[in-house]
Amino acid sequence: MLDVLLQPTHFFRALAERKPNLVAPFFIVIAATTAASLGQVLLLRLLPGLLPGGWVVQMVLALVGGVVVGMILWGLGGLIVRLLAGPDSRAWEVYGWANVPALLVGLVLIPFGALFPVTADLPPVPPMTDAEAVRAWQREYQQVVGSAVGTRVLQGLGMLGSIWSFWIIWSGLRVLAPARALWATLAVAAVSLAFTLWGILAQG
């Protein structure tokens, strides 16, 4: 694990000599998205929510959602690498291992959210029959979450984790598919940063 974080070129040279194994890369992505989902719920647990059942129900939904999102990300991320870097790139392995920094960020988010939850004097959620009031409440909620110090700190950590992941992808493809390493890495980075920017703007 330390090799892929600190010496990814050495890690992928050793990987190239072994048979493909998708189990560990798959579970790294699943664990990363699940940890991030749980941490997000803990961070926002003191705020009123639209879903009934409180934050315990939200934790269960976060677990399920983290698994589903992780499967989608692993599939799409690996597919982008495979299409642009070719069949020798071991795309889903490279993409999965490159999510180790995201896993670290998720593991930081869980205790951070537990210790420093977002607090605000938000009004109760209005009745769902009043669509305009619900939309106004959601806008206020998003402003509170987006302006919270904890949210900004975690967004910064997430961006650093993404850049670290792109470096790992590039390092891995330089070993496995050197002729296409740059373009495949740039494509993954562009898609990832687009989703990250969209999430930040949605909370702003």
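The values are calculated or read from the model by the stated rules, or taken from the named source; none is laboratory data. This is a predicted model, so every value here is computed, not measured. Virtual Cβ from ideal backbone geometry, glycine too; neighbours counted across all protein chains shown. Just so you know, the surface numbers come from the protein's heavy atoms only, side chains and all, with ligands and any DNA or RNA stripped out. Shrake-Rupley method; radii C 1.70, N 1.55, O 1.52, S 1.80 Å.
Here are the numbers for this structure:
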quantity	calculated
Qualifying position, being part of a helix (DSSP H, G or I) and touching a Ser or Thr at 6+ places or on another chain (Cβ under 9 Å), among Gly146, Gly158, Gly150	Gly158
Residue in the range 56-73 that is assigned to a loop (DSSP other than H, G, I, E, B) and surrounded by fewer than 17 Cβ atoms within 10 Å (Cβ to Cβ) present	no
Residues that are more than 18 Å from Tyr95 (Cβ to Cβ) and open to solvent by less than 30 Å² (accessible area, probe 1.4 Å), drawn from the range 149-184	Gly150, Thr151, Leu154
The range 185-195, subset among the aliphatic types (A, V, I, L, M) and open to solvent by 40 Å² or more (accessible area, probe 1.4 Å), residue nearest to Pro8 (Cα to Cα)	Leu186
Check on Leu109, surrounded by fewer than 15 Cβ atoms within 10 Å (Cβ to Cβ) and either among the aliphatic types (A, V, I, L, M) or modelled with pLDDT of 90 or more (or both)	no
Hits in the range 76-119 - residues which are in contact with a Pro (Cβ under 9 Å, 6 or more places away or on another chain) and closer than 20 Å to Leu63 by Cα	Gly96, Asn99
Filter result (open to solvent by less than 70 Å² (accessible area, probe 1.4 Å) and not in a helix (DSSP H, G or I)) within the range 1-49	Leu44, Arg45, Leu47, Pro48, Gly49
From the options Arg139, Arg135, Arg82, residue that is crowded, with 18+ Cβ neighbours inside 10 Å, assigned to a helix (DSSP H, G or I) and not polar (S, T, N, Q)	Arg82
The lone exception for Pro127 - which of (1) of a type outside the set (D, E, K, R); (2) assigned to a helix (DSSP H, G or I); (3) surrounded by fewer than 13 Cβ atoms within 10 Å (Cβ to Cβ) it fails	(2)
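Yes/no matrix, rows are residues, columns are (1) acidic (Asp, Glu); (2) over 25 Å from Ala32 (Cα atoms); (3) touching a residue at least 24 places away in the same chain (Cβ under 8 Å):
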| residue | (1), (2), (3) |
| --- | --- |
| Glu132 | yes, yes, no |
| Ala136 | no, yes, no |
| Gln142 | no, no, yes |
| Gly146 | no, no, yes |
| Gly150 | no, no, yes |
| Ile169 | no, no, yes |
| Leu176 | no, no, yes |
| Ala181 | no, no, yes |
